[in-house]
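The values are calculated or read from the model by the stated rules, or taken from the named source; none is laboratory data. What you see is a predicted model; the values in this text were computed from it and never measured. Neighbour counts are summed over all protein chains in view; Cβ atoms, including those assigned to glycine, are modelled from backbone coordinates with ideal geometry.
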Amino acid sequence: MTALDATFAALADPTRRAILMRLAQGEKSVNELVKPFKISQPAVSRHLKVLEEAGLVSTTVVAQKRMRRLEAQPLAEATAWLEKYRAFWQKRYKALDAVLDELKSMGGRHENKSR
């Protein structure tokens with residue numbers, strides 16, 4: 001599995017995306033991450049493991065706490081990959097807009113001829 005595959009696989013789960021959103025606000029311990037979820041601490045830890053394996057989260061030990069931190073680089077790589085497709089779709093939408101504009105102008109000429 002490539003790094004990009006691992007990133008998208010990790011992002012596929014809504015709980016993991018919510019964890020990343022919380023970590024975007026700053027470092028948190030597992031106990032702090034568990035609070036808003038209706039799942040157990042071991043379940044959150046399993047989600048964190050997937051996020052860590054994808055390189056989206058790192059762990060530092062502070063005293064006896066293991067703090068989790070968002071690592072943005074894999075997200076930047078995923079964004080760069082998606083950006084290519086955004087450009088593709090923008091070109092397609094511009095072409096569609098041109099066709100629609102042409103159809104509108106033809107429709108206006110047709111209405112004027114019938115008057």
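Results for (1) assigned by TED's automatic domain parsing to the domain that holds M21; (2) assigned to a helix (DSSP H, G or I); (3) β-branched (V, I, T); (4) surrounded by 10 or more Cβ atoms within 10 Å (Cβ to Cβ), shown as yes or no for each residue.
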{"position": "G55", "(1), (2), (3), (4)": "yes, no, no, yes"}
{"position": "V61", "(1), (2), (3), (4)": "yes, no, yes, no"}
{"position": "Q90", "(1), (2), (3), (4)": "no, yes, no, yes"}
{"position": "A98", "(1), (2), (3), (4)": "no, yes, no, yes"}
{"position": "E102", "(1), (2), (3), (4)": "no, yes, no, yes"}
{"position": "G107", "(1), (2), (3), (4)": "no, yes, no, yes"}
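Within region 18-44, can you find the residues that are in contact with a helix residue (DSSP H, G or I) (Cβ under 9 Å, 6 or more places away or on another chain), exposed (fewer than 13 other Cβ atoms within 10 Å of the Cβ) and not in a loop (DSSP other than H, G, I, E, B)? Answer for region 18-44, where residues must be in contact with a helix residue (DSSP H, G or I) (Cβ under 9 Å, 6 or more places away or on another chain), exposed (fewer than 13 other Cβ atoms within 10 Å of the Cβ) and not in a loop (DSSP other than H, G, I, E, B): N31, Q41. For region 64-88, the set of residues classified as assigned to a helix (DSSP H, G or I) and of a type in the set (D, E, K, R) consists of E77, E83, K84, R86, listed by residue number.
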